[in-house]
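The values are calculated or read from the model by the stated rules, or taken from the named source; none is laboratory data. Just so it is clear, the structure is predicted and the values come from calculations on it, not from any experiment. Cβ atoms come from the backbone with ideal geometry, glycine included; neighbour counts cover every protein chain shown. Please note that ligands, DNA and RNA were not included when accessible areas were found on the heavy atoms of the full protein model with its side chains. Shrake-Rupley method; radii C 1.70, N 1.55, O 1.52, S 1.80 Å.
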Amino acid sequence: MLALKHPFGGFEEFNTGAMNSTTLNELIDVAEQVVSKKAIIQHEPPPPGDAHTVGQPSYDKITRILGWQPKVGVKEGMQKVFDAYLESTRRAA
């Protein structure tokens, strides 16, 4: 929606990941907390070409062009998505 309010010629790509790197294990831990269930995990070796390290994203570009800033952290965002999913499945039933 911000892109519609701030049009400019052409196309741009933006990084909207978390400011701090989050490991897969940390994401699983948060998901377990959000859904109140323990994940069943089967550890496998990483596939060839898998990124073992992740850099620190920068919001400079998206902030400069669209004025966007993150407002929620990983856990709050995951909780909001899960709650919206539950609500949509209730309405569909």
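Looking across the stretch 42-65, just one residue is surrounded by 10 or more Cβ atoms within 10 Å (Cβ to Cβ), at pLDDT 85 or above and within 30 Å of Leu86 (Cβ to Cβ), and that is Ile62.
Could you tell me whether any residue of the stretch 32-39 is assigned to a helix (DSSP H, G or I), open to solvent by 80 Å² or more (accessible area, probe 1.4 Å) and modelled with pLDDT under 85? No: the stretch 32-39 contains no residue that is assigned to a helix (DSSP H, G or I), open to solvent by 80 Å² or more (accessible area, probe 1.4 Å) and modelled with pLDDT under 85. Please determine, by comparing only the residues of the stretch 67-93 that are among the aliphatic types (A, V, I, L, M) and modelled with pLDDT of 85 or more, which one is farthest from the chain's Cα centre (by Cα). Once the filter is applied, the top-ranked residue is Ala92. Here Thr22 meets each of (1) at pLDDT 85 or above; (2) polar (S, T, N, Q); (3) assigned to a loop (DSSP other than H, G, I, E, B); (4) open to solvent by less than 90 Å² (accessible area, probe 1.4 Å) with one exception, condition (1).
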